[in-house]
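Participant: I am attaching a structure below and will ask some questions about it afterwards.
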Amino acid sequence: MKVIVADQAGVCFGVKRALDLVNAEAEHGGEIATLGPLIHNPQVVHDLECKGVRVVKRVSEVARGTIVMPSHGVARDVTKSAEAAGLRVVDAACPFVEKVHRRVERLAKDGYVVVVVGDAGHSEVKAIKSAAGDDAVVVSSPEDVESVDWSGKKAGIVSQTTQTPWRFGEIVGMIAARAMEVVAYNTICYATHDRQSAARALAPKVEAMFVVGGRNSANTNRLAEICSEEGVPTYHIETAAEVQPGWVVGMQVVGLTAGASTPEWIIEEVKMQLERM
Ligand code: SF4
């Protein structure tokens, strides 16, 4: 069976940067922890744990040494509390996420109600919201837009970096029809954009799509949605071991893409597993 890998797939600039930072810290030795998973890929996080990098839920769980802030960012007061506790802080937040934080701070200062288009429970969105102040709202669906009273409001809209442009555009349009004034910044990062475009281009040319990446990875979930929307059977998996032979019976050619936090070795394992079938 032929396996075509999407032109753009796997680890992005921000994730590579975060991994390089943590690996360099781990080589120096000493106690090191990440606040939450460094990236949304359980296999990579497990590898880091094997190198002695602990994952903690709260700053208070780290008594000494280095604490690393994850690639999807944290609220500013979290960083301050780590510094106040005497910890060495390494900020692995992706520069694109940082840019969104600066953007929402400016919007809030200019009197806009900041609107974040994204998944309310996602850590990146929580951090953006905290930078945007108490009035900020998160919307993830048309129903969320309808549940807010927009009359007389100045809305300053940004996107979670991993949203789809179609969802962002739909929600901006709905808010524009309801609010007094709207300013919208498309803050979807280029890595997300490139991976989504490549997946959308590949999906119609194959008999099934395999999307590899953490189930807790927002950008991987968006890739799976995009492939499904193209009408091909789509399988979101984390590792090669999850591939079931029954999924590809009689198929000649399948497609493969991967989220921005999926390392090359996992993509390669899935590709080999499929080729063997
Ligand atoms: S997906 Fe985009 S915002 Fe997130 S880490 Fe990668 S480059 Fe940065």
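The values are calculated or read from the model by the stated rules, or taken from the named source; none is laboratory data. Quick caveat: nothing in here was measured; it's all calculated off a predicted structure. Every residue, glycine among them, receives a Cβ derived from its backbone with ideal geometry; neighbour counts consider all protein chains shown. When the accessible area is computed, the model is the full protein with side chains, heavy atoms only, and any ligands, DNA or RNA have been set aside. Shrake-Rupley method; radii C 1.70, N 1.55, O 1.52, S 1.80 Å.
Participant: Quick check of the Kirkwood formula: for the stretch 212-277, what is the inverse mean of 1/r over all pairs of different Cα atoms, in Å?
Facilitator: This gives a value of 12.2 Å.
Participant: Would you check the accessible area of F13, probe 1.4 Å, heavy atoms only, in square angstrom rounded to 10?
Facilitator: Rounded to the nearest 10, that gives 90 Å².
Participant: Now, a different point. Per-residue ellipticity at 222 nm for the chain, helices alone: DSSP H runs ≥ 4 residues times -39500 (n - 2.57), over residue total, nearest 500 deg cm²/dmol?
Facilitator: Rounded to the nearest 500, the figure is -12500 deg cm²/dmol.
Participant: Grab the other residues whose beta carbon is less than 13 angstrom from that of V270, score K and R as +1, D and E as -1, and report the net.
Facilitator: That works out to -4.
Participant: With a bin width of 10 angstrom, please list the P(r) values of the stretch 96-184 as percents of all Cα-Cα pairs, from the 0 bin to the one holding the largest distance.
Facilitator: Calculated over all Cα pairs of the stretch 96-184, the distribution is 19, 57, 24, 0 percent.
Participant: A further question on this structure: Please give me the summed charge of the neighbours of E242: other residues whose Cβ is under 13 Å from its Cβ, Lys and Arg +1, Asp and Glu -1.
Facilitator: Computed value for this residue: -1.
Participant: How large is the dipole of the chain about the Cα centre if only Lys and Arg carry +1 and Asp and Glu carry -1, each at its Cβ, rounded to the nearest 20 debye?
Facilitator: 440
Participant: How much of the pair distance distribution for the chain lies past 32 Å, counting alpha-carbon pairs only, in percent?
Facilitator: Value for the chain (Cα pairs over 32 Å): 31 percent.
Participant: If you look for lysine pairs in the chain that are eight or more places apart or on different chains, how many of them have Cα atoms under 18 Å apart?
Facilitator: For the chain, qualifying lysine pairs total 17.
Participant: List the residues whose amide H sits under 5 Å from the amide H of A208, counting only those 5 or more places along or on another chain, with H placed 1.01 Å from N in the peptide plane.
Facilitator: The answer is G255.
Participant: If you count only protein heavy atoms with a 1.4 Å probe, what accessible area per residue comes out for the stretch 151-210, rounded to a whole Å²?
Facilitator: 41
Participant: What Kirkwood hydrodynamic radius, in Å, does the stretch 35-185 give when the mean of 1/r is taken over all pairs of distinct Cα atoms and then inverted?
Facilitator: Final number for the Kirkwood radius of the stretch 35-185 is 16.5 Å.
Participant: If you don't mind, another one. Can you send over the carbon and sulfur percentage of the accessible area for the stretch 96-184, probe radius 1.4 Å, protein chains only?
Facilitator: Accessible surface attributable to carbon and sulfur in the stretch 96-184 totals 48 percent.
Participant: Which ³J(HN,Hα) values in Hz, rounded to whole numbers, follow from the phi angles of the stretch 151-156 under the Karplus curve 6.51 cos²θ - 1.76 cosθ + 1.60, where θ = phi - 60° and Gly and Pro get x?
Facilitator: With the stated coefficients, the stretch 151-156 comes to 4, x, 8, 9, 9, x Hz.
Participant: Work out, step by step, the length gained on full extension between Q252 and S151: first 0.36 nm times the residue separation, then minus their alpha carbon distance; give nm to one decimal.
Facilitator: 30.9 nm is the gain from fully extending Q252 to S151.
Participant: While we're on this one: Mean shadow of the stretch 13-93, computed from the convex hull of its alpha carbons, in nm²?
Facilitator: For the stretch 13-93, the mean projected area of the Cα convex hull comes to 4.6 nm².
Participant: While we're looking at this one, here's another question. Just to be sure I understand: with springs between alpha-carbon atoms less than 10 Å apart, which residue in V158, V212, V90 has the highest mean-square fluctuation in the Gaussian network model of the chain?
Facilitator: Of V158, V212, V90, the most mobile in the Gaussian network model is V90.
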